[in-house]
1. Kirkwood Rh and Cα-based Rg: tell me the resulting Rg over Rh for region 76-141, rounded to two decimals.
2. What is the spin-label model distance, in nm, from Q79 to L137 if the labels are put 7 Å beyond Cα along the C-beta direction?
3. Say each of L52 and E115 gets a label point 7 Å from the Cα, pointing the same way as Cα to Cβ; how far apart are those two points in nm?
Amino acid sequence: MPALPNLDVSPTVLANARRAADKLRKSMAVKGRAAGKQVAFRTDIHTVLPLLKLVDLILAQQLRAPRDAVDADEITPNQAAGILNMSRPSVMRLIEKGELHPRMVHSRHKLSRTEVLALAERQTRERRKALANLTELSEEYGF
C-alpha cells in the first residue's frame, strides 16, 4: 500500500486501518466467489471502525488545511481597524474610497491582511514625512 502524503496520522492508526482493509478484502473475496453471483456482504463494526477512523482523520486534516490558510490571510474590518489604529467606520470609508479591496463572504467583508499592513506602512511613512516637513518649517520660522 503506498504511503499517504502530507498526513499527520499516527503509525498505530495507519496499521489498524491496513489490517482492517486486508480483513475486509479477504472477506469480500471469499463471499464473492460463492456461487459466482452477488452475495450480501456483512461485517461487524470492529472490522470497519479502524478504516472509518483513518478516513475521519484524513478528511479533517484536508478540510482544515485550506481553510486555515485562507483565514490566516483574511481579517475582518474590526481587526483592520485595530491594525490601522482607527474605528471600524473609518475602515469602511477606506473601502468605499477604494483604498481597501474586500472580498465578500456571505454578507461580510474580508480584507487581505497583507493589504491592510501595506496601508498601515504607507500611512506611517506619510505621517513621518508630514512631521519632518512641519519640523523643517518650525525651524525655518523659529517657532
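1. Using Cα coordinates only, the ratio equals 1.15.
2. 3.9
3. Those two pseudo-labels are separated by 4.4 nm.
Rule-based calculations on the coordinates, nothing more; no lab input. For clarity, every value in this text was computed on a predicted model and none was experimentally measured. Please note: Cβ atoms are built from the backbone with ideal geometry, for glycine as well, and neighbour counts cover all protein chains shown.
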